[in-house]
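Peer 1: I am attaching a structure below and will ask some questions about it afterwards.
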Amino acid sequence: MAITMVITSLLLLLILIPMLDHYVKNEAKWSVKERKSTLAFHLAEAGLDRAYWKLKENASNWTTVAGGDVIAGYNDDVAYEDIPGGKYKVKMEQGETNLQIVITATGKDISENEYRAIKAIYTKEGVTAALQAGSVGAGGNANIHWGPMMSVSGMVLKGGSNELYPRKYARGSITKGAGGGAGNYGNRDADPNQANKGPHTTGDHIEWWSYNEPPGVPDVLTPDTSYYMELAKTQTCTPAGTIGCYYEGNRTGGSAINGLVDTTCTVGADPKVRFFTGNAEFKSNKYFCGVLIVLGNLSFGAGGKSPEGDITADPPPTAWKEYQCNVPTHNGETESGDMSTWAYEADGAHPGTCSGPHGDTDAVDEYPGDAGYHAVSPYNFKTGRVATGHTGFTTGTGTELSYKGYIYAGGTFDNSGGGRIFGSVQVAGAGGMSGGGDIFYDSGLNIKFLSNNITRSSWYEVIAEPF
């Protein structure tokens with residue numbers, strides 16, 4: 001019996017010892033492989049860090065990449081070896097907007113057998129809305145197109161401005177105006193309790209985010225006033241400023257600027273800048289462009305000027321996102337019951353007949369510049385989309401621009417005369433659209449702010465390309 005147990009034990013040892021030896025050898029190999037794989041990942045992270053600091057080095061590096069150009073050494077063209085144990089490459093590419101850059105970094109361990117790659121999206125603070133203000137009040141037939149509207153407090157919509165586009169973001173409530181002519185749509189949200197977005201809370205049919213519901217509302221950025229003030233002083237304007245295009249005091253009432261026409265948008269490589277230290281009022285039909293900074297209150301009266309304002313522009317590629325619940329060709333249409341129960345259907349393929357509000361479809365010219373489902377093409381503000389001559393509205397004709405570019409008001413802003421703006425308006429105080437004017441968002445604006453923080457908004461691992 002004892003001999004049998006000894007023989008059995010020996011047989012087990014003869015079986016187990018090779019297995020253990022094989023496991024130990026493989027474990028050593030696996031450990032080495034894991035170390036090399038981890039090293040390759042850390043090398044990829046080092047590549048992201050190098051690219052980030054290159055973007056922080058100066059403003060022109062961001063502008064170069066965001067504009068579709070490349071920077072030597074950051075286009076997968078150099079293998080960096082400053083970290084012991086391996087190499088890495090970096091590729092920087094433009095993102096969806098001029099405020100996004102995509103960086104892909106690939107790391108390789110020293111044995112040249114293990115690769116890891118990371119893709120990250122970096123975002124720079126900048127102009128992200130057609131209208132952003134301390135508070136927003138819109139009435140008449142005022143509308144915002146091609147970009148969202150944002151309020152650091154509440155938002156009030158009335159009349160033709162109370163539509164199911166564009167997207168609306170507020171840190172407070174979003175409500176309809178009081179009295180008659182408030183529009184066909186009710187309060188979006190006047191209760192800070194959840195849910196603070198709608199009309200649907202999931203999917204594509206979300207038109208508003210209230211009470212700072214994520215993604216929230218950023219602060220109104222302050223432009224680099226010293227930089228733009230000095231530019232303005234070196235440029236020439238009509239009427240002449242105190243120094244060049246720099247105006248001290250108020251230009252309102254009898255000293256308001258009337259019928260301004262200036263088609264010069266740049267001076268060399270710089271934007272044409274008009275800088276006002278007080279309040280400014282622009283009356284009569286007008287067209288001018290560039291950068292307009294008013295440290296006090298700003299008012300636009302009357303409309304645009306033709307032919308100077310008969311401008312053709314490319315809508316932002318993502319303009320369709322503003323028309324997920326309704327399009328201008330279905331202005332004011334409703335269904336029965338609460339807005340949260342409406343279908344907003346007909347996304348994608350457009351039916352032969354339809355009624356009620358619905359989002360962007362494969363039909364063209366449902367909104368200005370609409371070239372089909374999630375597609376846009378050049379649009380002339382006076383004559384409509386270049387390919388068809390359609391304005392993107394159910395009725396009416398196009399309207400020439402009164403201003404093209406970036407506007408900042410340190411006090412309040414009101415577009416009371418029905419003027420059309422292509423660019424972005426940022427207001428520290430109340431932003432009003434009381435007279436039926438409208439704003440078309442330009443996602444290509446490149447403005448120098450006091451703060452231009454660059455942050456990593458997302459990252460994920462991707463399949464590495466060996467090198």
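Peer 1: Could you give the length gained by full extension between THR266 and GLU335, i.e. 0.36 nm per residue of separation minus their alpha carbon distance, to one decimal place?
Peer 2: Full extension from THR266 to GLU335 adds 20.0 nm.
Peer 1: Can you work out the FRET efficiency for the pair THR383 and ASP82, with r the C-beta to C-beta distance and R0 = 35 Å, to the nearest 0.05?
Peer 2: The computed FRET efficiency comes out at 0.05.
Peer 1: Now for a separate question. Ignoring everything except DSSP H segments at least 4 long, calculate the 222 nm mean residue ellipticity for the chain; use -39,500 (n - 2.57) per segment, divide by total residues, nearest 500.
Peer 2: -5500 deg cm²/dmol
Peer 1: Which Cys residues of the chain have no other Cys Cβ less than 4.7 Å away and so no disulfide-compatible partner by this rule?
Peer 2: Among the cysteines of the chain, those whose Cβ sits 4.7 Å or more from every other are CYS325, CYS354.
Peer 1: Please arrange TRP53, TRP208, TRP146 by counting, for each residue, the other beta carbons lying within 10 Å of its beta carbon, fewest first.
Peer 2: TRP53, TRP208, TRP146
Peer 1: May I pose another question? Please sort by residue number the GluC sites (Glu not before Pro) in the range 221-288 whose DSSP state is loop and whose Cβ has at most 12 other Cβ atoms within 10 Å.
Peer 2: Loop-located and lightly packed - GLU248.
Peer 1: While we're looking at this one, here's another question. Run through the range 45-99 and list the GluC sites (Glu not before Pro) located in a DSSP loop whose Cβ has at most 15 other Cβ atoms within 10 Å.
Peer 2: GLU81, GLU96
Peer 1: Pairs of alpha-carbon atoms within less than 8 angstrom and 6+ residues apart define the contacts here; what relative contact order does the range 67-193 have, in percent?
Peer 2: Reported as a whole number, the value is 14 percent.
Peer 1: Which whole-number percent gives the relative contact order of the chain, counting Cα pairs below 8 Å spaced six or more residues apart?
Peer 2: Normalised by residue count, the contact order of the chain is 16 percent.
Peer 1: Normalised by the residues of the range 164-204, what does the relative contact order come to in percent, with Cα pairs under 8 Å and at least six apart?
Peer 2: 30
Peer 1: Which shape class, rounded, prolate or oblate, goes with the range 334-467 when its Cα gyration tensor gives a ≥ b ≥ c as root eigenvalues, a/c under 1.5 marks rounded, and past that a/b bigger than b/c marks prolate?
Peer 2: Taking the square roots of the gyration eigenvalues as a ≥ b ≥ c, the range 334-467 is oblate.
Peer 1: Next up: Between the range 169-224 and the range 335-392, how many Å separate their Cα centres?
Peer 2: Between the Cα centre of the range 169-224 and that of the range 335-392, the gap is 22 Å.
Peer 1: Provide the gained length on full extension for the span ALA59 to THR312, in nm with one decimal, where the gain is 0.36 nm per separating residue minus the Cα-Cα distance.
Peer 2: Extending this stretch completely gives an extra 88.2 nm.
Peer 1: Now for a separate question. Could you list VAL425, VAL78 so that the one with the fewest beta carbons within 10 Å of its beta carbon is first and the one with the most is last?
Peer 2: VAL78, VAL425
Peer 1: Please report the antiparallel percentage of the DSSP beta bridges confined to the chain, to the nearest 5.
Peer 2: 40
Peer 1: Still on this model: Add +1 for every Lys or Arg and -1 for every Asp or Glu among the other residues with Cβ under 9 Å from the Cβ of ILE454, and state the total.
Peer 2: That sum, taken over residues with Cβ under 9 Å, equals +2.
Peer 1: Also, I was wondering about something else. On a 0 to 90° scale, report how tilted helix 2-57 is relative to the longest principal axis of the chain, with both axes built from alpha carbons and the result rounded to the nearest 10.
Peer 2: 30
Peer 1: Can you tell me how much longer the chain between THR242 and LEU445 gets when fully stretched, taken as 0.36 nm per residue apart minus their C-alpha distance, in nm with one decimal?
Peer 2: Taking THR242 through LEU445 to full extension adds about 70.4 nm, to one decimal.
Peer 1: Something else about it: What is the Cα convex hull volume of the chain when expressed per residue in Å³?
Peer 2: Cα-based convex hull of the chain, divided per residue, equals 221 Å³.
Peer 1: If you average the alpha carbon positions of the range 132-149 and of the range 67-100, how far apart do those two centres end up, in angstrom?
Peer 2: When both Cα centres are located, 39 Å separates them.
Peer 1: If you add up the charges near GLY332, with Lys and Arg at +1 and Asp and Glu at -1, over every other residue whose beta carbon is less than 14 angstrom from its beta carbon, what do you get?
Peer 2: Local charge sum for GLY332: -1.
Peer 1: Another question about this same structure. If you take every residue apart from THR104 with its C-beta less than 10 Å away from the C-beta of THR104, what net charge results, scoring Lys and Arg +1 and Asp and Glu -1?
Peer 2: So the surrounding residues net to 0.
Peer 1: What is the order of THR277, THR234, fewest Cβ neighbours within 10 Å to most?
Peer 2: Ranking THR277, THR234 by Cβ neighbours within 10 Å, fewest first, gives THR234, THR277.
Since every read-out is calculated from the coordinates, none of them should be taken as a lab result. Model, not experiment: these values are computed from the prediction. Every residue, glycine among them, receives a Cβ derived from its backbone with ideal geometry; neighbour counts consider all protein chains shown.
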